[in-house]
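Participant: Below: one structure in C-alpha cells.
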Amino acid sequence: MNRTARIRSRAVALPAAVALLAAAAGCAGSDGGATGAGGGDGRGGTLVIGATGKLPNTDTVIGGAGFEGKRLVSFQLYEGLTRYELLKGTDKPPVVTGALATDWQVAADRRTWTFTLRKDVKFQDGTPFDADAVVFNLARYLDKGSPEYTDALGAAAAEYAGDIVSYRKTDAEHVELVTKEPNGHFPEDLAHVLIASPTAVRRSGSANFAQHPVGTGPFSFVSQTEGQQIELAANKDYWRGAPRLDRLVIKALPDAAARTAALRSGGANWIEYPNPDDIESLTSDGVTIATNSYDHLWYWILDTSKAPWNNPLVRRAANYAIDRKAIADKLLHGTADPAYQAAPRATAAYDPAGDAYSYDPAKARQLLAEAGVPNGFATSVTVPTGGSGNLLPVPIAEALQRDLAAVGIRVELRTTDWTTLIGAEAKGQVALGSDAVAQSTTLFQSEALLPLFIGSGSPFWTGHYANPQVDGLLAASAADADQAARQAGYRKALTLVTQDAPWLFVVNDRNPRALSPKVHGLVQPQSWFLDLTTVWVG
C-alpha cells in the first residue's frame, strides 16, 4: 500500500441502511440481520434496554462499564472523528468510516495525519462543530495545563489518544495529529476519542460535565440516576438523520433473572444477554433472540509468574482438561462457540487450522505428570458476578472447576463485582489476590488494546505474560497502515499465544439479546457496538 496515498472513508447513506433493513426484516432468532416483524417505514416509541452491569460515567472517555457501557450510552451521546460502520453487513467485522471527519491522509513519515472535518455538524446544544472543538477536546485529554484537564480524563484517554504527541488546527476544516510512532490503526483508535461540546464543558466545568453531557451523537441527554438508569432523546438534528426512536432508556440490571422479569413485565422491551435457560420460553412468547459472532473471548488469565502456572505444560494441561463444547452447547444453549485458540472466531486473525485444545482429560493428566505435578495442585480464581460480555460467569466457572478437579487441579472460586475486578486490573492487581482472573475481552475490534493484553510490561494485570516474539509481531504489525498486513501479523502473534497458553481459552460469545415483539429494525453486526438509529418501537 502507498502510505502517502489518501485514505478515504464515507459514511453509509441512511436510505441504503433502510433498504438493508427491509431486505432482512423479520429474522427471529437470527444470525445477524435485522430483527422484528414490523414493516414499512416505522418510527417512534421508547426503547428500554436492560444492561448487564452498571452504566458508565457519561463524561466522554471516562466510561468505566466496559464496551457495553460504551455501546449503549457513550456512543449514543458522542462521536469521534471516525466511527464503526455497523449497517453495511452482518457477515464480517465492521470497518471504520468517517464520523466528524470525512476523510484523512497520512504523510510519508507515517506519523502525521491530516483530517478533513465534516461541515454543518452541530452539538446537541447548538454549538457548531469545528476544528477548534477538536483541539479543545484533545487539550482536555492530553494537556495537563488545560483548565478542563483532569487526571481521570487523562488516564482514560491514554488507551486511545496516548500516542498523540501534537495536535493543531491547520485551517477551519482541517486538523493535524501527530503520533509518537507509526500507527496503522490510528483511525480506528479515534473512534474512541469522543468529542464533547466546548460550550457545555465550559458551562458546567469538567467536574460536573457528566451531569450535563453534550455531544454530536444520535441521542441527547435527558436525565440519569448515576450508574443505574439514563434517559436519552432522539437528536432531531443528527447529521446522519434523526433516529427513528423518540426516546432511549438504559437500565442497569446486572441480575439475569431480573432482566428476564423486566422483559416479561414490560419494564424493558430489550435485554442484553438473556439467561440461556430462559431463551426457549421467551421465544415461545414471541420474543426475538438476535445473535451474531463478534470479537469476544471469555477466558481465565493465569498468573504465569507463579508456580505451577509458570510452566507452559501445566497451562496446556488445563486447556485440555475443560469441555468447552459442553459449556457452549449445554450451559449456554448455543449462545456461544467453544474457543480452542486465542483468536476469537469472528476476527481476521482467527486461523481455522489453529484450534489447538480439544477436550482430552487423559492428555491433561499426561502433561501434568510431565510437569512434575502428577497429583495436581490447588489454585484460585477471581470471578465477576456479571458485567460487560461476561455471560454467566459464575456457572461457567463452576463448570470449569468440575472439569479441572477431574484431572487434579483444585480451584477455589472467589466472586466479586465487575467494577472491582477491572478496577484492580487497571492498577496491575488481582481482586481478592487470586492466582487467576475470569473475564471477557475484545482483542481486535480495538487494536490499540492488543499490547495491553498480550504484550510484555502491560500496565494492566495480564498474568505477567511475556514473549519477545509476540512483542515484535505486535509492534511491526501496528505500525503498518495496510489492514491486511496488520491482521496477518496479529494471526502469527496469536498463534504463539495459543501455544504459550497463558490463558484458559473457554468460549466466544454470540452476543445474544432478547427483543420484545414491539421492537423492530435492529441490525445485529459482528461487533460489540450497535447502531440504534434504525430501531423503532411500535
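The values are calculated or read from the model by the stated rules, or taken from the named source; none is laboratory data. Small disclaimer: the values here were computed from a predicted structure and weren't measured. Positions of Cβ are generated from backbone atoms using ideal geometry, with glycine treated the same way; all protein chains shown enter the neighbour counts. SASA here: full protein model, heavy atoms, side chains in, ligands and nucleic acids out. Shrake-Rupley method; radii C 1.70, N 1.55, O 1.52, S 1.80 Å.
Listed here are the residues, each with its yes/no results for (1) in contact with a Pro (Cβ under 9 Å, 6 or more places away or on another chain); (2) part of a loop (DSSP other than H, G, I, E, B); (3) open to solvent by less than 40 Å² (accessible area, probe 1.4 Å); (4) small (G, A, S).
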residue: W104; (1), (2), (3), (4): yes, no, yes, no
residue: R110; (1), (2), (3), (4): yes, yes, no, no
residue: W113; (1), (2), (3), (4): yes, no, yes, no
residue: T116; (1), (2), (3), (4): no, no, yes, no
residue: D120; (1), (2), (3), (4): yes, yes, no, no
residue: D132; (1), (2), (3), (4): yes, no, no, no
residue: N137; (1), (2), (3), (4): yes, no, yes, no
residue: K144; (1), (2), (3), (4): no, yes, no, no
residue: P147; (1), (2), (3), (4): no, yes, no, no
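Participant: Related question: Quick one: which of G69, G64 is open to solvent by 40 Å² or more (accessible area, probe 1.4 Å), farther than 23 Å from T179 by Cβ and in contact with a strand residue (DSSP E or B) (Cβ under 7 Å, 6 or more places away or on another chain)? Talk me through it step by step, then tell me what you get.
Facilitator: Details: G69 fails: open to solvent by 40 Å² or more (accessible area, probe 1.4 Å).
After ruling out the rest, the residue left standing is G64.
Participant: Across region 228-252, which residue is modelled with the highest pLDDT among those that are surrounded by fewer than 17 Cβ atoms within 10 Å (Cβ to Cβ) and under 21 Å from the mean Cα position of the chain (by Cα)?
Facilitator: Within region 228-252, the match that is modelled with the highest pLDDT is Q229.
Participant: Here's something else I'd like to know. Kindly list, by first and then second residue, each pair from a residue in region 173-185 that is touching a residue at least 24 places away in the same chain (Cβ under 8 Å) and open to solvent by 10 Å² or more (accessible area, probe 1.4 Å) to a residue that is acidic (D, E) and not in a loop (DSSP other than H, G, I, E, B), limited to pairs with Cβ atoms under 6 Å and residues at least 6 apart or on different chains.
Facilitator: Filtered contacts from region 173-185: H185/E447.
Participant: For G387, only one of the following conditions fails: (1) open to solvent by 10 Å² or more (accessible area, probe 1.4 Å); (2) on the phi > 0 side of the Ramachandran plot. What is its number?
Facilitator: Status for G387: all satisfied but (1).
Participant: Might you check whether a residue that is open to solvent by less than 20 Å² (accessible area, probe 1.4 Å) and small (G, A, S) occurs anywhere in region 294-315?
Facilitator: no
Participant: Which of the residues spanning region 194-220 are open to solvent by 10 Å² or more (accessible area, probe 1.4 Å), among the aliphatic types (A, V, I, L, M) and in contact (Cβ under 8 Å) with a residue 60 or more places away in the chain?
Facilitator: Passing the criteria: A210, V214.
Table: residues versus (1) more than 29 Å from T416 (Cβ to Cβ); (2) outside any strand (DSSP E or B); (3) open to solvent by less than 50 Å² (accessible area, probe 1.4 Å); (4) modelled with pLDDT of 95 or more.
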position	(1), (2), (3), (4)
D337	no, no, yes, yes
P344	no, yes, yes, no
A349	yes, yes, yes, no
Y357	no, yes, yes, yes
K363	yes, yes, no, yes
Q366	yes, yes, no, yes
P374	yes, yes, no, yes
A378	no, no, no, yes
V381	no, no, yes, yes
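Participant: Just to be sure before I move on: is P468 under 22 Å from the mean Cα position of the chain (by Cα) and surrounded by fewer than 18 Cβ atoms within 10 Å (Cβ to Cβ) in the structure I sent?
Facilitator: On the way: under 22 Å from the mean Cα position of the chain (by Cα): no; surrounded by fewer than 18 Cβ atoms within 10 Å (Cβ to Cβ): yes.
For P468, the condition - under 22 Å from the mean Cα position of the chain (by Cα) and surrounded by fewer than 18 Cβ atoms within 10 Å (Cβ to Cβ) - is not met.
Participant: Then there's this: Let me confirm something: among Y299, Y294, which residue is within 21 Å of V506 (Cβ to Cβ), modelled with pLDDT under 95 and not in a helix (DSSP H, G or I)? Don't jump to the end; show me each part of the working.
Facilitator: Numbers: Y299 fails: modelled with pLDDT under 95.
Only one candidate qualifies: Y294.
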